[in-house]
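What follows draws every value from the coordinates through simple rules; no lab data is involved. Model, not experiment: these values are computed from the prediction. Every residue, glycine among them, receives a Cβ derived from its backbone with ideal geometry; neighbour counts consider all protein chains shown.
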Amino acid sequence: MRILFVGDVFGSAGRRIVREHIGHIIAGRNVDLVIVNAENAAGGFGLTPPLADELFDLGAHVLTTGNHVWDKKEIIDYLKSVPADSHERARRVLRPANYAPDTPGYGIYQGTLPSGLAYAVLSLQGRVFMANNEDPFRTADTLLAQITAKIIVVDFHAEATSEKCALGWYLDGRVTAVIGTHTHIPTADNRVLNQGTAYQTDVGMSGPYDSIIGVQKELVLERFLTSMPSKFEAAKDDPRMAALLIEADPATGHALSTERLLLGE
């Protein structure tokens, strides 16, 4: 089977480039499962229910997020609107599983493809240079004990490359893929680890690359040069879709190969 993971969709430019490419990739590469990190889809900061629907309409099965998940407050009631056993769209939008237990929403989704193949998607957030959330390593252990599906994809939304690499090796052989998000810069280390887990430190941003990690260059440079606060705005130019395509054995859940994608207009 083939899994397509689309990296952080950033603002209108990111949504536009994903809309341009995702359909022909799904059809042309016979993709079975589509996962999209959407935490920056709304103007570069957060996600709204209408934009979640837009990405689901394009073919996404599950949307993951990260530290910007609460930036648009309307997503809170959206995540609260469905029970744990639902398969509605709102249930298929994940916040990191290692947030506090009473946090709205869920960090894991288990579903079934039209072919009958079961799969699970797990969202985790790192702790190094990030918010004060629970241990992602032990959270993964706890949740994996509850999963019966062979195909398991982990979105690890983290800052430090060492923490991402560590989780990849920690889960090697126990999940199909550990895919890093958050830093918006695609790394060239995609591979299949020794025990069969696909890994990439950061899949990269689907958004405007004529920018500083998605934001208008001048605004970020002003912050660095003056240390004065300023409002960040999403850039628009040179959009590219960053994604990882994984081929996996559905019988074992092990990855067989990975391919990096970085597609412009």
Max mean-square fluctuation residue, GNM over the chain, Cα-Cα springs under 10 Å, options ALA120, ALA60, ALA131: ALA131
Note down the net charge around ALA131, summing +1 for each Lys or Arg and -1 for each Asp or Glu among other residues with Cβ under 15 Å from its Cβ. -4
Whole percent per 5 Å bin, from 0 to the bin with the longest distance: what is P(r) over all C-alpha pairs of the stretch 144-211? 4, 19, 27, 22, 15, 8, 4, 2, 0
The stretch 2-263 - share of DSSP beta bridges that are antiparallel (%, nearest 5): 50
Could you rank the peptides 166-172, 37-43, 227-233 by their average count of other C-beta atoms within 10 Å per residue, with the highest value first? 37-43, 166-172, 227-233
Please sort 68-79, 132-143, 194-205 by packing, taking for each peptide the average over its residues of neighbouring beta carbons within 10 angstrom, highest first. 194-205, 68-79, 132-143
Which FRET efficiency value, to the nearest 0.05, do you get for LEU113 and GLU218 by plugging their Cβ-Cβ distance into 1/(1 + (r/R0)^6) with R0 = 41 Å? 0.35
Report the label-to-label distance for ASP77 and VAL128 in nanometres (one decimal), using points 7 Å from each Cα along the Cα→Cβ vector. 4.0
Among GLN216, ALA131, HIS61, whose Cα sits farthest toward the positive end of the charge dipole of the chain (+1 at Cβ of Lys/Arg, -1 at Cβ of Asp/Glu, about the Cα centre)? HIS61
Binned Cα-Cα distance frequencies in the chain - 10 Å width, integer %: 8, 33, 39, 18, 3, 0
For n ≥ 4 DSSP H runs only, could you compute -39500 (n - 2.57) per run for the chain, divide by its residues and tell me the 222 nm figure to the nearest 500? -7000 deg cm²/dmol
How big is the stretch 29-153 on each of its three principal axes, counting only the C-alpha atoms and giving the largest first in Å? 39, 33, 29
